[in-house]
Each structure stands twice: as structure tokens, then as C-alpha cells.
Amino acid sequence: MTRSPRASAPAAEPEGAEPSAAEFRTRGQPAALHAVRAMLAAGMPHALLLSGPSGVGKGTLADDIAAALLCLAPEPSRRPDRSCRACRAFAHGNHPDVHRLSPTGAGAVIPIGGPGREEHGVRDLVRELALLPVEGGARVAIISAADRMTEDAQAAFLKTLEEPPPGTVLILTATDEERLLDTIRSRCIRIRLGPVPRREIEALLVDAGLVEPPVAARLARLSWGRPGDAVALARAPASLVVRGEVARTLLDLTAAPRADRLRIGRDLLARTAEMLLALKAPDGAVVGGSPTRGRGRRGTGAPRGASEPAATIPEAEAEPIGGPAVRVPAAERRAAALALVAIWRDVVRDLALVRLGEPGEVRQVDLLDDLEAASARLPAGFAPAQLRRLDVAGERLEGNVSPELVVDALALGWAA
């Protein structure tokens, strides 16, 4: 495999100085960090694939690796030191030898891109990497949510993955690596990240000064091993309130007449959209977990030409008096539906835990009384059947089915 050269280092430290350890910001992933440190010491492979559930730290680890490769510290064990010129440029997002690519557009996909196309895509990245590095050392390309590359984009990326420019390291992150072509996965060294221990998330939130210990404990339980979700909720307390209201309404919906479920379902979709606005997550991650469970076909990452024109929200929700109906971008409607499905799944899992006699393991402890009341009136096979329906709903949303229709179907079949 191609090995990346180290960037030129400044003069060595005075003799006798004790070098400090590298400052990695990834938490709760000891096996992944051990593998990364070994690669940095021996020579980094030209391509890495970091996979795991949403919010577990794939993006943070990718940034740690990039910072270590670009760091100018004279002692390799100190990289990244977070204080050299390269580390400061990386932290401010203006290092000239860092290239990023992430999903965009209504379908939240990574397109093929290229000249004459509006959206930045794989061909644009390939063209950037063909140029010489500005600093003359290592160069890093980070492709976030690489499993959202369209099939055409994956095919266009293969040549660069097989023969990357000298000194270039490609870092891909993916929630569902099965969506990537076999030829892409086979050319990457894969590192799997799992859920982070609850205590580690609590410590992260407290150490960062985001919340007090009792709130940190609640968020750690709610995030279910995903520190990214916990941090996002901690930074937007209003979103946590809305999330609780949505979960409580879902429990009430189990006893609602069928005639009311469509209206309530649309209301829940609107409330979830408000939650996402409060969160304003920069990576677009869905708080509460991924709505799909890795059931996509290999090599299909995302549908070809996945895009959808903006649609009109129903009049009862968004039409101002005396004016035209408000048009909401399709990407925002889809994101809200995915977030609602994720919260819905959390509610079903908590219902299953209560049914199994494990109330101490539920995520939303403040809803325990409501969970027990709902569980008592629901049939025995309710939770497994609803989880299957939610899986299908997530797949349909990934395939750009109308978010409103998906939520309508879920609401009508909820506790039916």
C-alpha cells in the first residue's frame, strides 16, 4: 500500500525536554485509537474506512487522523499536538491540504459532480487531489457519509482509490458500509467503531462544560452510546424538550382513534422539524439513532439522481393568512421524517424493555409511567411488528418516498 510522507518538521526540542502525548479527541473507542496509533507509527495506509452507527465519533476520529498526519511536531508520538501552525490551521478549517466531501442536496447524497454541475461532487474532489499539495507534505481527503455516494460517484472514485496521488490519505466514514461497492471496501483498511460506554459520554459532557452531571447522565442514557447525539442535545436544550413531547405524544397515539392519527402524525412531523432547527447539527446527523439498519443493497449507496423538488406543506400546517403556502425544501422534510422515525424506534424499544420486565434499561426514564401504561394495553407482539414497519419506513425515506405519506402510513398502523 502507498504510505504517506510526513510533513517537514521544525527544529527538535531542547535536549531533556519531555514530549507530551498526542492530543486525540476521540473518546470511548480504545480499540480504534490503538489501531490508528499503530498505523501512524508504522506508516498510514492510503485509504481508511471508518464505519459504525451515527454519532459514535467517526467524524472526530477522521479529524484526529488528519490532524496527526498534518502536524509539524518533531516527535511523532506528540502528533497531533494541537499547537503547531498546521494544527491551528486545521482547527480553524483553513488548512490548504485538507479536502472534504459530504452529502448535499434534497436527497442528501454525494453526487458525481464535475464541470458544469451545480453541486460539488466526486469528480471535483478528484480534480483537486490531482494538484500538488500547497504545504508540500501530507494531504488528506475526508469523505463523510461515503455510503451516501451515488453509484456513478462510487465508480468515478475507484480510480483515485486504486492509485491515489503521492502523499494523499483518503479517509471515508460510513454508517452502512454495505452500501459501498465491494471494490471500494476491499481497497480500504477498515476500522469499526461501536457505541461508547455511558460513563464515558457523561464524562465528555461534564469535561466540556456543556451540562451538569445529572443532566449528563440523562443525555448519556438517551443517546444510547452516541456521544455526537448527546453533545447536540446538550447544546440545544430546547430540542430535548421537544423530543420528550414527541415521544410522549407517540405513546398517547397508541390509544387515539384512527380518525385522529393522520392529523397527529402530521403535527409530530412539524414538531420534529422544530427540533432539528433547534439542533442545527452541522453534519445532519439524526438525533436518536439511524432510522435504517443496514439493509441497503451493495453498491447502491443512494439512488441515481436522488433529488426531489420542494413540496408544499399542507395548508393546515404552513399556509399564512392571505398568502401562498410556504414551500419547505425536500431535504428538510426528509430529515424531519427520518428524525421522527428514529424517535419512534426509541419509543418502541422502551416499550419492549418494559414488557420484558427491564424498566431500568429504558432510555426515557421520565416517561416510565406512560411506557408502563401503554405497554399494559398493547398486544404481546406489538414491538417486533412495529420495529419491522419502522425499518421499512426508513428504507422508503432513503429511497425518496414522500415523507408525509411515510408518516401517514406509520400513524395509521400504530397500535392498529
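The values are calculated or read from the model by the stated rules, or taken from the named source; none is laboratory data. In this text the structure is predicted, and so the values were computed from the model without any measurement. FYI the Cβ positions are ideal-geometry reconstructions off the backbone, even for glycines, and counts take in every protein chain you see. For accessibility, only protein heavy atoms count, side chains too; no ligands or nucleic acids. Shrake-Rupley method; radii C 1.70, N 1.55, O 1.52, S 1.80 Å.
Please work out if Arg334 is closer than 15 Å to Val407 by Cβ, modelled with pLDDT under 90 and of a type in the set (Lys, Arg).
Values: closer than 15 Å to Val407 by Cβ: yes; modelled with pLDDT under 90: yes; of a type in the set (Lys, Arg): yes.
Considered against the rule, which asks whether it is closer than 15 Å to Val407 by Cβ, modelled with pLDDT under 90 and of a type in the set (Lys, Arg), Arg334 comes out as yes.
Out of the residues in the range 231-280 meeting the condition of being among the hydroxyl-bearing types (Ser, Thr, Tyr) and under 26 Å from the mean Cα position of the chain (by Cα), tell me which one is most open to solvent (accessible area, probe 1.4 Å).
The first filter runs over the range 231-280 and keeps only residues among the hydroxyl-bearing types (Ser, Thr, Tyr), leaving 239, 249, 254, 272.
So of that shortlist, the ones also under 26 Å from the mean Cα position of the chain (by Cα) come out as 239, 249, 272.
Values: Ser239: 0, Thr249: 48, Thr272: 0 Å².
So the residue we want is Thr249.
Out of all the residues in the range 374-391, which are open to solvent by less than 50 Å² (accessible area, probe 1.4 Å), in a helix (DSSP H, G or I) and not acidic (Asp, Glu)?
The answer is Ala374, Ser375, Phe382, Ala383, Ala385, Gln386, Leu387, Leu390.
Could you figure out which of (1) within 28 Å of Val196 (Cβ to Cβ); (2) in contact with a Pro (Cβ under 6 Å, 6 or more places away or on another chain) isn't true of Val134?
(1)
Taking only pairs six or more apart or across chains, which ones have beta-carbon atoms under 7 Å, a first residue in the range 388-416 that is without any contact (Cβ under 8 Å) to a residue 12 or more places away in the chain, and a second residue that is part of a helix (DSSP H, G or I)?
Pairs that qualify, where the first residue is without any contact (Cβ under 8 Å) to a residue 12 or more places away in the chain and the partner is part of a helix (DSSP H, G or I), are Arg396/Val406.
Quick one: which residue in Arg27, Arg37, Arg100, Arg88 is assigned to a loop (DSSP other than H, G, I, E, B), basic (Lys, Arg) and either at positive phi or open to solvent by 50 Å² or more (accessible area, probe 1.4 Å) (or both)? Step through it out loud before you land on a result.
Working: Arg37 fails: assigned to a loop (DSSP other than H, G, I, E, B); Arg100 fails: assigned to a loop (DSSP other than H, G, I, E, B); Arg88 fails: assigned to a loop (DSSP other than H, G, I, E, B).
None of the other options fit; the residue is Arg27.
Go through the range 115-139 and give me each residue that's touching a residue at least 24 places away in the same chain (Cβ under 8 Å) and not in a helix (DSSP H, G or I).
Applying the first criterion (touching a residue at least 24 places away in the same chain (Cβ under 8 Å)) to the range 115-139 yields 121-123, 125-126, 128-130, 133-139.
Passing the criteria: Gly121, Ala130, Pro133, Val134, Glu135, Gly136, Gly137, Ala138, Arg139.
Say whether the condition of being over 23 Å from the mean Cα position of the chain (by Cα) and of a type outside the set (Phe, Trp, Tyr) is met by at least one residue in the range 103-113. Working first, answer last.
So in the range 103-113, the residues over 23 Å from the mean Cα position of the chain (by Cα) come out as none.
No: zero hits.
Has the range 183-193 got any residue that is within 18 Å of the chain's Cα centre (by Cα) and surrounded by fewer than 20 Cβ atoms within 10 Å (Cβ to Cβ)? First the steps, then the outcome.
First pass over the range 183-193, keeping only residues within 18 Å of the chain's Cα centre (by Cα): 190-193.
Among the residues that remain, those that are also surrounded by fewer than 20 Cβ atoms within 10 Å (Cβ to Cβ) are: 190, 192.
Yes, the range 183-193 contains at least one residue that is within 18 Å of the chain's Cα centre (by Cα) and surrounded by fewer than 20 Cβ atoms within 10 Å (Cβ to Cβ).
Would you mind stating whether Arg349 is open to solvent by 10 Å² or more (accessible area, probe 1.4 Å), within 16 Å of Leu250 (Cβ to Cβ) and either at pLDDT below 90 or not hydroxyl-bearing (Ser, Thr, Tyr) (or both)? Can you show your working first?
Numbers: open to solvent by 10 Å² or more (accessible area, probe 1.4 Å): yes; within 16 Å of Leu250 (Cβ to Cβ): yes; either at pLDDT below 90 or not hydroxyl-bearing (Ser, Thr, Tyr) (or both): yes.
Here the answer is yes, as Arg349 does meet what is asked.
Looking at Asp152, is it among the charged types (D, E, K, R) and more than 29 Å from Ala38 (Cβ to Cβ)? Give the derivation first.
On the way: among the charged types (D, E, K, R): yes; more than 29 Å from Ala38 (Cβ to Cβ): yes.
So Asp152 fits the description; yes.
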